[in-house]
Amino acid sequence: MKRVKAFVEGMVQGVGYRYNVKHIAMKHKVKGYVKNLDDGRVEIVAEGDDEHISIFLEEVRIRKEPIYVEDMHVTYEEPTGEFKTFKIVTGSLEEEMTEGFSTGALYFNVMLSKQDQMLAKQDQMLAKQDQMLAKQDQMLAKQDQMLAKQDQMLAKQDQTVGKLDEMIHKIDDAKTGIINEIQMLRRDMKSMLDERLGRIEEDIAKIKARLGMT
C-alpha cells in the first residue's frame, strides 16, 4: 500500500482535469480525492497498491488539449486507509457551474479547432488530388501526342508501301513489255530466216535444174 500527495501545475482548472483524474483512479482501483486550489493548481491525494499508484501517476500527467500538465510535485506519505473511494472535492455550486460551462465551451472550441484542422487536411488532400489529376491529364495529353505521331509514321509508312507497290507494278509492266518485244523479235527473226531459207532453197533448185541435176 502506498499514499501520495501531488500538486499539479499547468492548464488543469476549468478544463475537466479533475474528472479525468477520477476516471483514471477508478480504473486502477486507487482511492483518495482531487480538488482545485485557489492558486490555480490541483491537489491529488491517492492511496493504492504500489503498481497501481505508479501507473496512476503516469496517466494523470495528461497533455491532451485542452488539458496540459506542466509539472507535478509528488510526495509520499504513510497510508491511512481513510478513503473508501475516489472523489472530486467540489467548491460552491456557483463555482462548479461556472467551471462546467467554461469546460463545455472550451471543449467545444477544441472540437471546432480539430474540425478546422480536419477540413484543412481535407483541402490539402483535395489539392494533391487536383495535382495528381492535372499530371494525369498531362500524361494523357503526351500519350495522345505520341499516338498522333505514331499515326503520322504509319501514314508515311503506308505512303512508302504505296510507292513501292507502284514501282513493282511499273517493273512488272516493263518486264511484260520487254518479254513481248523479245517474243515479237523472235517471231520476226524466225519469219526472216524462214523467208531466206525458202529463197535459198529456190535458188538451189534453179541451179540444180540448170545443171541437169534434178
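Before moving on, here are some points about what is shown:
- A Förster radius of 22 Å, combined with the Cβ-Cβ distance separating Val89 from Met1, puts the computed FRET efficiency at roughly 0.50.
- Helix 17-27 axis, angle to the chain major axis (alpha carbon atoms, nearest 10°): 90
- As a proxy for reagent exposure, Phe83, Phe7, Phe56 were ordered by neighbouring Cβ count within 10 angstrom, fewest first; the result is Phe7, Phe83, Phe56.
- Angle between the chain longest axis and helix 93-211 axis [Cα atoms, degrees, rounded to 10]: 10
- Computing Rg and the Kirkwood Rh from the Cα coordinates of the stretch 2-89 gives a ratio, Rg/Rh, of 0.93.
- Each principal axis of the Cα cloud of the stretch 132-196 was taken in turn, and the coordinate range along them, longest first, works out to 94, 7, 5 Å.
- Cα-based reach from Lys2 at 22 Å (exclusive), listing lysines while leaving out same-chain residues under 8 positions away: Lys22, Lys27, Lys29, Lys31, Lys35, Lys84, Lys87
- Take the Cα of Lys208, step 7 Å toward its Cβ, do the same at Leu193, and the gap between the two points is 2.3 nm.
- Stretch gain in nm, segment Gln183-Ile55, where the contour uses 0.36 nm per residue and the Cα spacing is subtracted: 34.4 nm
- Extension gain for the segment Met125 to Glu201, taken as residue separation times 0.36 nm less the Cα-Cα distance, is 16.2 nm to one decimal.
- Gain on full stretching of the segment that runs from Ile168 to Lys27 - 0.36 nm per residue minus C-alpha separation: 41.1 nm
- Glu65-Lys135 pseudo-label distance in nm [points 7 Å out on the Cα-to-Cβ vector]: 3.0
- Alpha carbon convex hull of the chain, volume per residue in cubic angstrom: 262
- Aspartates and glutamates whose Cα lies under 17 Å from that of Lys135, excluding same-chain neighbours fewer than 8 positions away: Asp144
- Highest-MSF residue in the chain out of Leu140, Leu126, Leu164 [GNM, Cα springs under 10 Å]: Leu164
Each value in this text was obtained by applying a stated rule to the coordinates, not by laboratory testing. Computed from a predicted structure; not experimentally measured. Positions of Cβ are generated from backbone atoms using ideal geometry, with glycine treated the same way; all protein chains shown enter the neighbour counts.
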